[in-house]
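*Asks:* Got a structure here, written out as structure tokens. Questions coming.
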Amino acid sequence: MTKIVSPSLLSCDFMNIETELKQFDSAKDIWFHLDIMDGHFVPNLTFGNPIIKMISKLSKHPLDAHFMVSNPAFYIETLKDVPLHNFTFHYEAASTPLELVKEAKMHFPSVGISIKPGTPFESLSDDLLSEIDLLLVMSVEPGFGGQSFIEGTWDKLEQIRVKKLANSYDFSVQIDGGVSNKNAEDLFAAGATNLVAGSYVFKNGPSEYLNQINSLRENN
Ligand code: DX5
Ligand code: ZN
């Protein structure tokens, strides 16, 4: 199993985004995680399409876009020509999630559904689980970086592991929020294949970005 780490650019220095992205040029098996917040689905606002397009021109790694927005259909439509590798939107924001996943799959190689900590995994239909490429399990309330990992995530991961095995679903499992070297090894062991990390990757400055990433995969 390839262990992907997705540095969340929410924690990078946006005034120097080009230099920041360059620090990761030699990294292996990383995706850049873009947190798009609309100030409506979550009580915070980050960036929208112009910045996403700019980053897509600079990035040497697959882009992983996490839409914390009330209207994901708008972003599917307006970003369909932008080379995002993965397009994830929130289950809670979609009245017809299966239709939206099918629509997004026409434009992006990978499509994910995200669930907030309070949304039970059982809410997701078998049809939806068969269709998605990625399930993003939020391990903090979406909206802000630097929060503490919610322990209830472990039970959710176990339910997902059991159901994936029983049904041979092939979606990958991504965890987002409060990831550090304290829980990364256990998260991979519990079935996660992709860990998003913002504050942990960026906290010690550019010279340490790659070491921080490696420390999430060590001993795994
Ligand atoms: C939170 C975002 C996360 C956030 C993670 O709403 O979805 O991607 O950047 O930040 P850390 O790793 O600091 O918890
Ligand atoms: Zn995120």
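The values are calculated or read from the model by the stated rules, or taken from the named source; none is laboratory data. Computed from a predicted model, the values in this text were never measured in an experiment. Every residue, glycine among them, receives a Cβ derived from its backbone with ideal geometry; neighbour counts consider all protein chains shown. What goes into the accessible areas is simple: the full protein's heavy atoms, side chains included, and nothing from ligands, DNA or RNA. Shrake-Rupley method; radii C 1.70, N 1.55, O 1.52, S 1.80 Å.
*Asks:* Answer with one residue from 183, 210, 130: the one whose Cα lies farthest towards the positive end of the charge dipole of the chain, charges on Cβ with Lys, Arg +1 and Asp, Glu -1.
*Replies:* 210
*Asks:* Give me the percent relative contact order of the range 4-217, please, defined on Cα pairs under 8 angstrom at least 6 residues apart.
*Replies:* Relative contact order of the range 4-217: 20 percent.
*Asks:* Still on this structure, please answer the following. Shape call for the range 93-138 from the C-alpha gyration tensor, a ≥ b ≥ c root eigenvalues: rounded (a/c under 1.5), prolate (a/b greater than b/c) or oblate?
*Replies:* It is prolate, given that a/c is not under 1.5 and a/b is the larger ratio.
*Asks:* While we're looking at this one, here's another question. Over the chain, with every protein chain in place, what whole percent of the accessible area is carbon and sulfur at 1.4 Å, could you tell me?
*Replies:* Numbers: 4910 of 9860 Å².
Summing carbon and sulfur atoms, their accessible area is 50 percent of the total for the chain.
*Asks:* Among 7, 107, 93, pick out the residue whose Cα is farthest towards the positive end of the charge dipole of the chain, where Lys and Arg carry +1 and Asp and Glu carry -1 on C-beta, about the Cα centre.
*Replies:* Going by the charge dipole, the pick is 7.
*Asks:* With unit charges on the beta carbons (Lys and Arg positive, Asp and Glu negative) and the dipole taken about the Cα centre of the chain, which residue among 197, 150, 19 sits farthest to the positive side?
*Replies:* Farthest along the dipole direction, towards plus: 19.
*Asks:* Over all distinct Cα pairs, what is the inverse of the mean 1/r for the range 4-217, reported as the Kirkwood hydrodynamic radius in Å?
*Replies:* 17.2
*Asks:* Another one. Size of the dipole of the range 1-52 about the Cα centre, Lys and Arg at +1 and Asp and Glu at -1 on the beta carbon, nothing else charged, in debye to 20?
*Replies:* Around 180 debye, computed over the range 1-52.
*Asks:* Can you tell me the accessible area per residue over the chain, all protein chains present, probe 1.4 angstrom, in square angstrom?
*Replies:* Values: 9860 Å² over 220 residues.
Here the per-residue accessible area is 45 Å².
*Asks:* For residue 154, what is the net charge nearby, where nearby means another residue's Cβ is under 14 Å from its Cβ and Lys, Arg count +1, Asp, Glu -1? If you can, show how the numbers build up before the last one.
*Replies:* Values: positive: 156, 161, 182; negative: 151, 155, 158, 185, 186.
So the environment of residue 154 carries a net charge of -2.
*Asks:* Taking the chain as a Gaussian network, where each spring joins two C-alpha atoms under 10 Å apart, which residue of 136, 58, 79 fluctuates the most?
*Replies:* Highest fluctuation among the options: 58.
*Asks:* When the dipole is taken about the Cα centre of the chain, and only Lys, Arg (+1) and Asp, Glu (-1) are charged at their Cβ, what size is it in debye, to the nearest 20?
*Replies:* Magnitude of the dipole: close to 380 debye.
*Asks:* Are there any GluC sites (Glu not before Pro) in the range 116-220 that are in a DSSP loop and have at most 12 other Cβ atoms within 10 Å? List them by number.
*Replies:* Here the sparse-neighbourhood loop sites are 151, 218.
*Asks:* Going through the cross-link list 80/182; 102/164; 57/156; 3/60, which pairs have a Cα-Cα distance over 27 Å in this structure?
*Replies:* Values: 80/182 37 Å; 102/164 20 Å; 57/156 36 Å; 3/60 18 Å.
Going by Cα-Cα distance, 80/182; 57/156 fall outside the 27 Å limit.
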